[in-house]
Amino acid sequence: MADPSVDVVEGCRLPVLRKNQENEDEWPLAEILSLKDIPGRKLYYVHYIDFNKRLDEWVTPDRLDLKKLQFPKEAKTPTKNGLPGSRPSSPERDVRKSLELNGQSASAPSRGKSLPTPKRKAESVSLATQVTAATPVPSLPGPAEANQASVYPAMRDPSFSIKSREEHEQLASLNTNGTARRLIPSQPGRKRKNCGGTDEDSQDSSDGIPSAPRMTGSLVSDRSHDDIVTRMKNINCIELGRHRLKPWYFSPYPQELTTLPILYLCEFCLKYLKSLKCLQRHLTKCNLRHPPGNEIYRKGTISFFEIDGRKNKAYSQNLCLLAKCFLDHKTLYYDTDPFLFYVMTEYDSKGFHIVGYFSKEKESTEDYNVACILTLPPYQRRGYGKLLIEFSYELSKVEGKTGTPEKPLSDLGLLSYRSYWSQTILEILMNLKSENGERPQITINEISEITSVKKEDVISTLQYLNLINYYKGQYILTLSEDIVEGHERAMQKRLLRIDPKCLHFTPKDWSKRGKW
């Protein structure tokens, strides 16, 4: 469909041919981000509008529908000292302006944009957005006023009555005509999918542009500095041990490496090398067969290593560079000193091979127990994501704290956390036993203390599962037959679990250790 007489420039929008998940042809609208000439033809780098950036790619002219070409809006180009400035209609300019406005308005809620249909991969969005988009998460009373929840015994449909007056007032806005409603409204024409009976969304939707994330000691990237370069994948392929990985996003590896067909990484120290010969020479000198740091957990072939971002700076920086290839919104490349990195590995006769990791701040004023979390693509959809999450909460239990992940979460991280919270809370509710013929009782504070899941996350999960109902003047938590059966099926598939007995971890009080 290409017409050589039509001049396609950066910023143009037009339909582009691609295959969907059913391997069918479709023509989604895409934006031209860059062009390049190679001998004999042109290539166009396209971003599919409302699709996840990981799907962006270089395409040939025959995949462009030039009949529906949309040129950038005409506008005078501002000049400075006689030199042309940035194009006023540039999407990057609009995004940066919106981010600056959102950043100045502290009271404005964080909102994200996504399309959760199975054919489209949604952009990353904060979990807080999912909860506050409809109704703010209610604050909880203190431990002395914690609401009691009681369970009907000998019933597959047990109910938990909430008796705190304060909780009644806080939850009153959740109900319409006496029945609880979901905090996350379903959008017209948008599908939901069920994963393991937990009714997980591929992504929920809200309008607007994500507000600028906080930048104080966080691994959140500064989106206000986005430009065309960082919107484009710059690494073609990564060889890591026995795996070859196709990056999803931009990562700031040295520019001279971005032209290589394959970037080689040492799978033990994560050093990047430009050729296989360089890698082979490096392996003769590299003494590592596991991540640096202390091994704090081992069961079977699974181990976790704790790495101090100050003591092992080179490894931590290389880990962040690798992670950025698969995380669009969070990463830190150089200032790793305030962070701890927990790397999960699989062991075989050749050594400990990295599976995934999560990082956390040594001191978090906002109770974050995870800053970044990633399972590498070859190990995804095998239960390792939930294992990483479970391990982060086991550390919080040892520390005697409740924790929550730093927002925004990636789309895959959001799914994993929702599923983990749902399974963990349902497991507690279903195991409650009645005493003296009365309904067993438990408070939200007690659920939080048992699981180390922050109270706000407990409430948002109960609301997400639509368990809160109104009955005879009280708010009831009702487990339906479908919820129970779905949970049992999901737990049968969840074979990987953390064994607390295998954890050898002593938390440090970083506030008393002076400089990191």
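The values are calculated or read from the model by the stated rules, or taken from the named source; none is laboratory data. None of these values were measured; they are calculated from a predicted model. We place every Cβ from the backbone using ideal geometry, glycine too, and count neighbours over all the protein chains shown. Note: accessible area is taken over every heavy atom of the protein model, side chains too, but ligands, DNA and RNA are not part of it. Shrake-Rupley method; radii C 1.70, N 1.55, O 1.52, S 1.80 Å.
For the range 376-397, indicate whether the set of residues that are more than 23 Å from Lys501 (Cα to Cα) and surrounded by 20 or more Cβ atoms within 10 Å (Cβ to Cβ) is non-empty. So far as the range 376-397 goes, yes, one or more of its residues are more than 23 Å from Lys501 (Cα to Cα) and surrounded by 20 or more Cβ atoms within 10 Å (Cβ to Cβ).
Scoring Ala30 on the criteria (1) under 9 Å from Leu64 (Cβ atoms); (2) open to solvent by 90 Å² or more (accessible area, probe 1.4 Å); (3) at pLDDT 90 or above leaves a single failure, condition (2). For Lys472, the conditions (1) on the phi > 0 side of the Ramachandran plot; (2) within 24 Å of the chain's Cα centre (by Cα) are fulfilled apart from (2).
Are any residues in the range 344-362 open to solvent by less than 20 Å² (accessible area, probe 1.4 Å), at pLDDT 95 or above, more than 17 Å from Gly413 (Cβ to Cβ) and not polar (S, T, N, Q), and if so, which ones? Result: His353, Ile354. Within the range 304-322, residues that are of a type in the set (Phe, Trp, Tyr) sit with their Cβ atoms under 8 Å from residues that are open to solvent by 20 Å² or more (accessible area, probe 1.4 Å) and in a strand (DSSP E or B), at 6+ positions apart or across chains, in these pairs: Phe304/Glu295; Phe304/Arg298; Phe305/Asn294; Phe305/Glu295; Phe305/Phe352. The lone criterion from (1) of a type outside the set (Ser, Thr, Tyr); (2) in contact with a Lys or Arg (Cβ under 7 Å, 6 or more places away or on another chain); (3) at pLDDT 90 or above left unmet by Glu481 is number (3).
Looking only at the range 29-47, count every residue that is within 27 Å of the chain's Cα centre (by Cα) and without any contact (Cβ under 8 Å) to a residue 40 or more places away in the chain and tell me the total.
Taking the range 29-47 and keeping what is within 27 Å of the chain's Cα centre (by Cα), we get 29-33, 45-47.
Narrowing the set further to residues that are without any contact (Cβ under 8 Å) to a residue 40 or more places away in the chain leaves 29-30, 32, 46.
Qualifying residue count for the region: 4.
In the range 434-444 there is no residue that is in contact with a helix residue (DSSP H, G or I) (Cβ under 6 Å, 6 or more places away or on another chain) and modelled with pLDDT of 90 or more. When residues in the range 233-270 are screened for being more than 13 Å from Leu321 (Cα to Cα), among the hydrophobic types (A, V, I, L, M, F, W, C) and within 22 Å of the chain's Cα centre (by Cα), 1 of them pass.
In the range 199-206 there is no residue matching the filter, namely being assigned to a loop (DSSP other than H, G, I, E, B), open to solvent by less than 70 Å² (accessible area, probe 1.4 Å) and at pLDDT 80 or above.
For Thr365, the criteria (1) more than 30 Å from Glu449 (Cα to Cα); (2) polar (S, T, N, Q); (3) open to solvent by 40 Å² or more (accessible area, probe 1.4 Å) hold in every case but one, which is (1).
Screening the candidates Lys311, Lys407 for the property of being among the basic types (Lys, Arg) and over 13 Å from the mean Cα position of the chain (by Cα) yields one hit, Lys311.
I need the strands (runs of 3 or more DSSP E) fully contained in the range 324-414, keeping only those with at least 2 residues that are β-branched (Val, Ile, Thr) and closer than 28 Å to Leu283 by Cα. Full working, then the answer.
On the way: elements: 339-348, 351-361, 368-370, 372-375.
Where strands (runs of 3 or more DSSP E) fall fully within the range 324-414 and carry at least 2 residues being β-branched (Val, Ile, Thr) and closer than 28 Å to Leu283 by Cα, they are 339-348, 351-361, 372-375.
When Ile302 is tested against (1) over 20 Å from Ile238 (Cα atoms); (2) more than 25 Å from the chain's Cα centre (by Cα), just one condition goes unmet, and that condition is (2). Right, Lys454: closer than 19 Å to Leu395 by Cβ, among the basic types (Lys, Arg) and free of Cβ contacts under 8 Å to residues at least 60 places away in the same chain or not? The answer is no for Lys454.
Of the residues screened, Pro39 is not one that is more than 19 Å from Ile228 (Cβ to Cβ) and open to solvent by less than 30 Å² (accessible area, probe 1.4 Å).
Only residues that are crowded, with 19+ Cβ neighbours inside 10 Å and touching a Phe, Trp or Tyr at 6+ places or on another chain (Cβ under 6 Å) were counted across the range 281-302, and they come to 3.
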